[in-house]
Amino acid sequence: MNIQTTSSDAQSIMCLNGRFDFNAHKIFRETYQQLLTDKVKVIVLDLSRVDYLDSSALGMLLQFKEKADVQRTTIKLKNCSQ
């Protein structure tokens, strides 16, 4: 999986591309930890280019939400498909 980030003001967008599974754990964690360290207030996860998402990805999203809640950062999901 590839992750591209863009930031403006207090908001960042993480565009995820490819398979979102356990193999993406390290890059996903490193990316969101950097954004949380930068004190971003809103992080938008753009999932429009994710072609596969498994249960481990759901666990990573929950872990991300817990860490964001501690810092009062809002997470928004964008372009989720069924």
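The values are calculated or read from the model by the stated rules, or taken from the named source; none is laboratory data. No experiment lies behind these values; they were computed from the predicted model shown. Glycine gets a Cβ as well: all are built from the backbone with ideal geometry, and neighbour counts include every protein chain shown.
Do the conditions hold for Leu36, that is, is it within 17 Å of Lys76 (Cβ to Cβ) and part of a helix (DSSP H, G or I)?
On the way: within 17 Å of Lys76 (Cβ to Cβ): yes; part of a helix (DSSP H, G or I): yes.
So Leu36 passes the test.
With respect to Ile27, is the statement that it is among the hydrophobic types (A, V, I, L, M, F, W, C), part of a helix (DSSP H, G or I) and out of contact with any helix residue (DSSP H, G or I) (no Cβ under 8 Å at 6 or more places or on another chain) true?
Values: among the hydrophobic types (A, V, I, L, M, F, W, C): yes; part of a helix (DSSP H, G or I): yes; out of contact with any helix residue (DSSP H, G or I) (no Cβ under 8 Å at 6 or more places or on another chain): yes.
Against the criterion (among the hydrophobic types (A, V, I, L, M, F, W, C), part of a helix (DSSP H, G or I) and out of contact with any helix residue (DSSP H, G or I) (no Cβ under 8 Å at 6 or more places or on another chain)), Ile27 qualifies.
Identify all residues within the stretch 1-15 that are out of contact with any Ser or Thr (no Cβ under 8 Å at 6 or more places or on another chain), surrounded by fewer than 13 Cβ atoms within 10 Å (Cβ to Cβ) and farther than 18 Å from Gln71 by Cβ; write none if there are none.
Scanning the stretch 1-15 gives Asn2, Gln4, Ser8.
Name every residue in the stretch 37-82 that is over 17 Å from Phe22 (Cβ atoms), acidic (Asp, Glu) and at pLDDT below 95, in order of residue number.
Correct list: Asp38 only.
Scanning the stretch 16-63 for residues that are surrounded by 15 or more Cβ atoms within 10 Å (Cβ to Cβ) and acidic (Asp, Glu), which turns out nearest to Cys80 (Cα to Cα)?
Looking at residues that are surrounded by 15 or more Cβ atoms within 10 Å (Cβ to Cβ) and acidic (Asp, Glu), I get Asp46.
Yes/no per residue for (1) in contact with a Phe, Trp or Tyr (Cβ under 9 Å, 6 or more places away or on another chain); (2) within 11 Å of Met1 (Cβ to Cβ); (3) without any contact (Cβ under 8 Å) to a residue 60 or more places away in the chain; (4) part of a helix (DSSP H, G or I):
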{"residue": "Leu16", "(1), (2), (3), (4)": "yes, yes, yes, no"}
{"residue": "Arg19", "(1), (2), (3), (4)": "yes, yes, yes, no"}
{"residue": "Thr31", "(1), (2), (3), (4)": "no, yes, yes, yes"}
{"residue": "Val44", "(1), (2), (3), (4)": "no, no, yes, no"}
{"residue": "Asp51", "(1), (2), (3), (4)": "yes, yes, yes, no"}
{"residue": "Ala57", "(1), (2), (3), (4)": "yes, yes, yes, yes"}
{"residue": "Leu77", "(1), (2), (3), (4)": "no, no, yes, no"}
